[in-house]
Amino acid sequence: AQSVSQHNHHVILSEAASLELGCNYSYGGTVNLFWYVQYPGQHLQLLLKYFSGDPLVKGIKGFEAEFIKSKFSFNLRKPSVQWSDTAEYFCAVNRGWGKLQFGAGTQVVVTP
Amino acid sequence: GAGVSQSPSNKVTEKGKDVELRCDPISGHTALYWYRQSLGQGLEFLIYFQGNSAPDKSGLPSDRFSAERTGGSVSTLTIQRTQQEDSAVYLCASSTGQAEGTEAFFGQGTRLTVV
């Protein structure tokens, strides 16, 4: 079955540490990939997206992600996290018609 | 409005009752989506509207769930004879259309608790 897998369910790290969240998908063919973030008490917001072109995409708040087609991966990175990056992060694939299939999410806690 | 608006923000209902959840999309957005976020199931797609029609209802979990959209704008998700497993946060999203890479904007969700 087609799926989106996020490797870590919970990540705890200190401010200024680097963050990398893994995402793998099992769809064939052309894919549109997204990372969404949900800050505590807030709605889901788009961090970044890939649909063509440069496989290294940059998003808001210093986040970036690299699309590696051969590995079916779209990992999210940030070189130095802040306490305000505490949130739940979701990887998603466009299944057509704009429908999104989400991974299970990764809860990230950044400690001061 | 500035964003996707959902109401109510919280709803507690007794098992067996019907509930209606409302979504006001961003003005001009032709595509509208309903998702459900629950513990253990993550974020699940429920239904997609393009204008007033629903080309994809494949995510609706049972025939107790239905949705409609009128005037190409407001949408209502109805759950009949609610069950405890329906407890979840129901999210609505809208976008400008089907173009690849189009961003979907999400509302705050309605937290439904069935007791």
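The values are calculated or read from the model by the stated rules, or taken from the named source; none is laboratory data. Keep in mind it's a predicted model, so treat the numbers as computed, not measured. We place every Cβ from the backbone using ideal geometry, glycine too, and count neighbours over all the protein chains shown. SASA here: full protein model, heavy atoms, side chains in, ligands and nucleic acids out. Shrake-Rupley method; radii C 1.70, N 1.55, O 1.52, S 1.80 Å.
Go through A:80, A:52 for me and flag whichever is among the hydroxyl-bearing types (Ser, Thr, Tyr) and within 14 Å of chain B (Cβ to nearest Cβ).
A:52
Out of the residues in the range B:1-44 that are in a loop (DSSP other than H, G, I, E, B) and free of Cβ contacts under 8 Å to residues at least 60 places away in the same chain, state the one that is farthest from the other protein chains (Cβ to nearest Cβ).
Residue satisfying both the conditions and the ranking: B:27.
Filter the range A:87-112 for residues that are of a type in the set (S, T, N, Q) and more than 11 Å from residue A:21 (Cβ to Cβ); which is surrounded by the most Cβ atoms within 10 Å (Cβ to Cβ)? Working first, answer last.
From the range A:87-112, those of a type in the set (S, T, N, Q) are A:94, A:101, A:106-107, A:111; that's our starting set.
Those left that are additionally more than 11 Å from residue A:21 (Cβ to Cβ): A:94, A:101, A:111.
Numbers: A:94: 22, A:101: 19, A:111: 11.
Selected residue: A:94.
Among the residues of the range A:1-34, write down those that are within 12 Å of another protein chain (Cβ to nearest Cβ) and assigned to a strand (DSSP E or B).
A:4, A:5, A:6, A:33, A:34 - these are the residues of the range A:1-34 that are within 12 Å of another protein chain (Cβ to nearest Cβ) and assigned to a strand (DSSP E or B).
Output the residue which, of all residues in the range A:39-86 that are touching a residue at least 60 places away in the same chain (Cβ under 8 Å) and open to solvent by less than 40 Å² (accessible area, probe 1.4 Å), is farthest from the chain's Cα centre (by Cα).
Quick first cut of the range A:39-86, residues touching a residue at least 60 places away in the same chain (Cβ under 8 Å) only: A:78-83, A:85.
Then drop every residue that is not open to solvent by less than 40 Å² (accessible area, probe 1.4 Å), which leaves A:78, A:81, A:85.
Values: A:78: 11, A:81: 14, A:85: 13 Å.
Filtering the range A:39-86 for residues that are touching a residue at least 60 places away in the same chain (Cβ under 8 Å) and open to solvent by less than 40 Å² (accessible area, probe 1.4 Å), the one farthest from the chain's Cα centre (by Cα) comes out as A:81.
All but one of (1) out of contact with any helix residue (DSSP H, G or I) (no Cβ under 9 Å at 6 or more places or on another chain); (2) modelled with pLDDT under 95; (3) surrounded by 13 or more Cβ atoms within 10 Å (Cβ to Cβ) hold for residue A:31, so report the exception by its number.
Of the numbered conditions (1) out of contact with any helix residue (DSSP H, G or I) (no Cβ under 9 Å at 6 or more places or on another chain); (2) modelled with pLDDT under 95; (3) surrounded by 13 or more Cβ atoms within 10 Å (Cβ to Cβ), the odd one out for residue A:31 is (1).
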